[in-house]
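Below you'll find the structure, written out as structure tokens, and then a few comments.
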Amino acid sequence: MKDKFGKSLTSEELARKIGNRINTILLELEVYVLHLVGYFPSHHVRRFFYRLSGMKIGSGSTLHVGARFYKPANVTIGEDTIIGEFAVLDGRAKLHIGNHVDIATEVMIYNSQHDINAEDFGAVSGPVVIEDYVFIGPRAIILPGVTVGRGAVVAAGAVVTKDVNPFEIVGGVPAKVIGERKQQEPHYALGRAAWFR
């Protein structure tokens, strides 16, 4: 038996490849089931199934309809956090989202991407950390290895390629500092989401 590059495989390598393929299929099935669950019209039911998949979700947090996940067991969401409709949360490396975080509609948070300069176009990964009281605007993209500091704001449509300091406001492609948040001692609660959102 040979691999896709024509290299002959030992029996151990073949067994490992078969095991990896089976694990990948099972993970894809789990992600697909969670995709379907993501359209159930009750955030209580969705949250139950997300937790069942290994995702850690703090009390009072809500994930709105249509959220997508990759490896949900590596995703941790703090308390009183809202994840907007059709968000993408990547758990192929660790993803930590803090307390009182507001992530708007269609935000994509990735922690794995292809290395365009690698001979095999392989994946490179890095954990993503979103600290407490962060607001991420609609359709923003957070890339692997980024930390968004406490109270920071990411403007709509921004592409964040490097760390954002606490209370900075960033926007653009790639995201650059465009301001600073005036309130630097936040203590608000986001409150409850609508039941069927």
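Filter the strands (runs of 3 or more DSSP E) completely within segment 125-193 down to those with at least 2 residues that are more than 23 Å from Ala93 (Cα to Cα).
Counting at least 2 such residues, we get 168-171, 176-180.
Out of segment 1-35, which residues are of a type in the set (Ser, Thr, Tyr), within 30 Å of Leu52 (Cα to Cα) and in contact with a strand residue (DSSP E or B) (Cβ under 9 Å, 6 or more places away or on another chain)? Break it down into steps so the answer makes sense when it comes.
Our first condition is that a residue be of a type in the set (Ser, Thr, Tyr); within segment 1-35, this holds for 8, 10-11, 24, 32.
Now drop any that are not within 30 Å of Leu52 (Cα to Cα), which leaves 24, 32.
Scanning segment 1-35 gives no hits.
Can you go through Ala194, Ala189 and tell me which one is in contact with an Asp or Glu (Cβ under 9 Å, 6 or more places away or on another chain), aliphatic (A, V, I, L, M) and farther than 22 Å from Gly126 by Cα? Spell out how you get there, then give the answer.
On the way: Ala194 fails: in contact with an Asp or Glu (Cβ under 9 Å, 6 or more places away or on another chain).
On inspection, the qualifying residue turns out to be Ala189.
Can you find a residue that is within 21 Å of Ala104 (Cα to Cα), in a helix (DSSP H, G or I) and in contact with a helix residue (DSSP H, G or I) (Cβ under 7 Å, 6 or more places away or on another chain) anywhere in segment 49-57?
yes
Filter segment 69-100 for residues that are assigned to a strand (DSSP E or B), hydroxyl-bearing (Ser, Thr, Tyr) and at pLDDT 95 or above and give the result.
Result: Thr76, single match.
Of all residues in segment 36-50 being in contact (Cβ under 8 Å) with a residue 24 or more places away in the chain and touching a strand residue (DSSP E or B) at 6+ places or on another chain (Cβ under 8 Å), which is farthest from Lys71 (Cα to Cα)?
The selected residue is His43.
Output the number of residues of segment 33-74 satisfying the condition of being of a type in the set (Ser, Thr, Tyr) and surrounded by fewer than 17 Cβ atoms within 10 Å (Cβ to Cβ).
3
For Val129, all conditions in the list (1) free of Cβ contacts under 8 Å to residues at least 12 places away in the same chain; (2) surrounded by 18 or more Cβ atoms within 10 Å (Cβ to Cβ); (3) not small (Gly, Ala, Ser) hold save one; what is the number of the exception?
(1)
Evaluate the following for Phe121: is it in contact with a strand residue (DSSP E or B) (Cβ under 6 Å, 6 or more places away or on another chain), free of Cβ contacts under 8 Å to residues at least 40 places away in the same chain and assigned to a loop (DSSP other than H, G, I, E, B)? Lay out the reasoning, then the answer.
Numbers: in contact with a strand residue (DSSP E or B) (Cβ under 6 Å, 6 or more places away or on another chain): yes; free of Cβ contacts under 8 Å to residues at least 40 places away in the same chain: yes; assigned to a loop (DSSP other than H, G, I, E, B): yes.
Criteria met by Phe121.
I'm told Tyr133 meets every condition in (1) within 9 Å of the chain's Cα centre (by Cα); (2) at positive phi; (3) hydroxyl-bearing (Ser, Thr, Tyr) except one. Can you identify the failing condition by its number?
(1)
Is it the case that Gly149 is at pLDDT below 95 and at negative phi?
In short, no.
The values are calculated or read from the model by the stated rules, or taken from the named source; none is laboratory data. Just so we're clear, the structure is a prediction, and the values are computed from it rather than from any experiment. Cβ coordinates were reconstructed from backbone atoms using ideal geometry, including for glycine residues, and neighbour counts include every protein chain displayed.
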